[in-house]
């Protein structure tokens, strides 16, 4: 089963048909989304901040949507989690409990060792 999943995903990636889910549309997630989109892939961004979601969707970018509905990540072939250690982890915990199924789950974590502006 693992080999079939890997082979299927490999084909989707090579043909640029893989849909990439990105959890966390802050500065790390947004930058990753733009980079992945520029590679020719379709993006589904997830965030619990309705203003971020609305702003992304209002841009009308082709192949780049955002949602607050975590269940929509089931549409994705690959899921990347971009979070800041200091953020509320409730949405990430629900994703981990439900698991990513056979999808690769990548986690990008960004944290500061001290607050910005301190020596």
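Structure data summary
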{"read-out": "Total residues in the stretch 29-55, condition farther than 25 Å from residue 10 by Cα and out of contact with any helix residue (DSSP H, G or I) (no Cβ under 8 Å at 6 or more places or on another chain)", "value": "7"}
{"read-out": "Helices (runs of 4 or more DSSP H) lying entirely in the stretch 1-64 (those with 2 or more residues that are free of Cβ contacts under 8 Å to residues at least 60 places away in the same chain and crowded, with 18+ Cβ neighbours inside 10 Å)", "value": "27-38, 50-58"}
{"read-out": "Residue within the stretch 94-106 that is at pLDDT below 90, in a strand (DSSP E or B), surrounded by 13 or more Cβ atoms within 10 Å (Cβ to Cβ) and under 11 Å from the mean Cα position of the chain (by Cα) present", "value": "yes"}
{"read-out": "Test set (1) part of a helix (DSSP H, G or I); (2) modelled with pLDDT of 95 or more - residue 74 fails condition number", "value": "(2)"}
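The values are calculated or read from the model by the stated rules, or taken from the named source; none is laboratory data. Given the structure is predicted, the values throughout are model-derived calculations rather than measurements. Every residue, glycine among them, receives a Cβ derived from its backbone with ideal geometry; neighbour counts consider all protein chains shown.
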